[in-house]
Amino acid sequence: MATEPNEAKSLGTGKDTLDIEQTASQDKPAAWPPGKNLRGPRSWAMVIVVTAIVSLVSSIGSIVTYDRFFAQKVVTANISKFVIDQRDLYFQGKIDKQQYINSLTNFIALLKSQPKNKVIILEDVVAANAEKLEPR
């Protein structure tokens, strides 16, 4: 700290200097520099609002993650209808043997490519609406 000629100690230069003698003689503490709010939160209401928002975002994130990656989902497949349709197309001459084999291979690959959280069952045994797995 630098000492000035009138025995006042300077805490810095420019606008942030304080006269220690003058500050000591006053009953009020020195004000903090502008922009420095060293007090805690302004109100409990703000703390409650921030806590509620963080909790809500965390809960929604957990539910979305669970639903997307872990929850079991039922997917139906009508294998018999697909095979009958492909066989009819083959016998009508609309597709050849290689196209018939390729379509069956693609359908099997589609069934095997489903994520582990999807359960594939035959469409005939499903009592409710479920996602249908159909080749395109």
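Filtering the range 45-97 to residues that are assigned to a helix (DSSP H, G or I), under 28 Å from N117 (Cβ atoms) and over 15 Å from the mean Cα position of the chain (by Cα) leaves I79, S80, K81, F82, V83.
When you check I108 against the structure, is it at pLDDT 95 or above, part of a helix (DSSP H, G or I) and out of contact with any strand residue (DSSP E or B) (no Cβ under 8 Å at 6 or more places or on another chain), yes or no?
For I108, the condition - at pLDDT 95 or above, part of a helix (DSSP H, G or I) and out of contact with any strand residue (DSSP E or B) (no Cβ under 8 Å at 6 or more places or on another chain) - is not met.
Could you list, in sequence order, all residues of the range 98-136 that are of a type in the set (F, W, Y) and either exposed (fewer than 11 other Cβ atoms within 10 Å of the Cβ) or within 33 Å of the chain's Cα centre (by Cα) (or both)?
Residue satisfying the conditions is F107 alone.
The values are calculated or read from the model by the stated rules, or taken from the named source; none is laboratory data. Source: prediction; values computed, not measured. Neighbour counts are summed over all protein chains in view; Cβ atoms, including those assigned to glycine, are modelled from backbone coordinates with ideal geometry.
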